[in-house]
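Reviewing the structure listed below.
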Amino acid sequence: MSELVTQLEELHTGALAALAQTQTTDETRAWHGDYLGRKGKLTTLLTGLGQLPREERPAVGKRANEIKLALEQALEERQAATAHDEMTAALSAEGIDVTLPGRRPLTGRYHPTTTAGREIVGIFQRMGFYVYDAPEVETDEMNFGLLNFAPGHPAREMQDTFFTTNPDVILRTHTSPGQIRAMREYAPEPIRVVLPGKCWRNEDVTARAEMMFYQVEGLAVGHNITFSDLKGVLLKFFNEMYGEGRKIRFRKSYFPFTEPSVEVDVDCVLCGGQGCRMCKYTGWLEIMGAGMVHPVVLQNGGYDPAVFSGWAFGMGIERQAILKRGIDDIRYFYDNDVRFLERVA
Ligand code: PHE
C-alpha cells in the first residue's frame with residue numbers, strides 16, 4: 001500500500017473525530033474549510049495523486065473519492081444536528097413564561113378639557129341649543145370690528161392678540177366672533193347655539209392663564225329673549241354642572257358686544273360659600289361673562305334690533321375642569337405630562 005493511502009485513512013479518522021467535536025454551525029463551517037475546502041487537508045493530499053505510479057492511481061483515487069463522499073455525508077449530518085441544537089437552545093432561551101403576571105395595555109382616554117367641554121355642551125344641548133362650529137383663525141373684523149370694538153378701543157387691550165403675517169388675520173381671542181357667523185347663517189330665524197373651541201391670547205403664562213385655552217360661547221336670539229331668560233338658563237346650567245341648589249349672582253361688567261354686561265358668579269363649589277382658598281375667601285367663583293347682545297351686534301348679524309333681542313355668554317372650559325377635578329394649575333393641561341393625564345383623565 002502506498003504512503004498516500006495510509007495518509008488518507010489517517011485523515012479520514014482524524015476528520016471524523018474533529019467533526020464530532022464541533023458544536024455550532026460556525027464550527028462545522030470551519031471544519032469544512034479545514035478538510036474539504038479548496039485549501040483543505042484532503043484537497044492538498046490529493047494533489048499527491050499525480051506522483052503515484054500509474055497502476056496504483058485508480059485504486060487510490062477510488063478510495064480518496066469514497067473518503068471525500070463519506071466526509072461530505074458526515075458533515076451534512078453534523079450540520080443538521082448542530083442546527084437543531086441551536087434552534088432548541090434559542091427557543092428555550094426566548095421562551096415565554098406564561099406564569100408571569102400580564103402587563104396592562106395603555107389605553108387612550110379623553111383629555112380633561114374634552115370631558116369638561118362635552119359636559120358643558122351636553123347640558124345646553126339638552127336645553128335645545130345647537131352646536132355651531134366656527135373658525136379658530138379669524139379676521140380682525142370678525143373678532144373685534146363686528147363685535148362693536150371701536151378701532152383703538154382700549155377693550156382690545158384686554159385681549160392681547162396673536163397676529164398672522166397678515167395683520168387683518170388673527171388667532172381668535174375669544175369664541176364671540178362665532179356669534180356673528182351663526183347669526184349671519186340663520187337670520188332672521190331665532191337661534192339658540194353653543195360654540196365651543198380654542199382661543200389664543202398673548203399673555204404671560206401663569207397658574208391661571210395659558211396662551212391657548214378653550215371657551216364655550218352661548219347665544220340666543222329671538223323675538224322675546226330677556227335678561228331673566230339668561231338668568232334662568234344659567235342657573236339651570238350651574239345646577240346641572242355643579243349640583244342642585246347652586247346660587248348665582250350677576251355683577252355689572254363691560255363688554256363692547258353686550259349691553260348690559262355682567263360677570264356671572266356661582267357660590268363656591270368647594271366650600272359652598274363659606275370661604276376657602278379656591279374662592280379667595282369670598283364664597284363666590286367667577287365663571288363667565290355674559291349680557292344682552294348689543295343692538296349693533298344684532299344688526300351686524302343680520303337681525304333687526306327693533307324686532308329681535310338676544311343674550312350671549314362665554315366661559316373658559318379649563319376653569320370648569322379645574323373646579324370639578326380640583327386641579328390647581330392650568331399649565332398642567334397642555335404640558336402633555338402623561339402622569340397628569342393618567343391621574344385626572
Ligand atoms: N368674549 C368674552 C371674553 O372672552 C366673554 C363674553 C361672551 C362676554 C359673550 C359676554 C358675552 O371675555
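Annotations
- Residues within segment 74-118 that are surrounded by 10 or more Cβ atoms within 10 Å (Cβ to Cβ) and within 30 Å of Phe213 (Cβ to Cβ), tallied: 10
- Taking segment 1-70 as the region of interest, the helices (runs of 4 or more DSSP H) fully inside it that hold 1 or more residues being farther than 30 Å from His84 by Cα are 3-21, 41-46.
- Restricting segment 274-321 to residues that are more than 10 Å from the ligand (Cβ to nearest atom), β-branched (Val, Ile, Thr) and surrounded by 20 or more Cβ atoms within 10 Å (Cβ to Cβ), the residue that is nearest to the chain's Cα centre (by Cα): Ile317
- Qualifying residue in segment 120-135 (condition: modelled with pLDDT of 90 or more and touching a Ser or Thr at 6+ places or on another chain (Cβ under 8 Å)): yes
- The set of residues in segment 174-227 being more than 16 Å from the ligand (Cβ to nearest atom), of a type in the set (D, E, K, R) and closer than 22 Å to Thr164 by Cβ consists of Asp204 alone.
- Members of segment 228-245 found to be in contact (Cβ under 8 Å) with a residue 12 or more places away in the chain, surrounded by fewer than 18 Cβ atoms within 10 Å (Cβ to Cβ) and away from the ligand (no atom under 16 Å from the Cβ), listed by number: Leu235, Lys236, Glu240, Gly243
- Beta carbons closer than 8 Å, at least 6 apart along the sequence or on distinct chains, pair a first residue in segment 134-158 that is assigned by TED's automatic domain parsing to the domain that holds Thr175 with a second that is in a helix (DSSP H, G or I) and of a type in the set (Gly, Ala, Ser) for Ala134/Gly178; Ala134/Ala182; Phe149/Ala155; Pro151/Gly145.
- Residue match in segment 263-273 (condition: surrounded by fewer than 17 Cβ atoms within 10 Å (Cβ to Cβ) and assigned to a strand (DSSP E or B)): no
The values are calculated or read from the model by the stated rules, or taken from the named source; none is laboratory data. Bear in mind the structure is a predicted one, so any value in this text is a computation, not a measurement. Note that we place each Cβ from the backbone using ideal geometry, even for glycine, and neighbour counts take in every protein chain shown.
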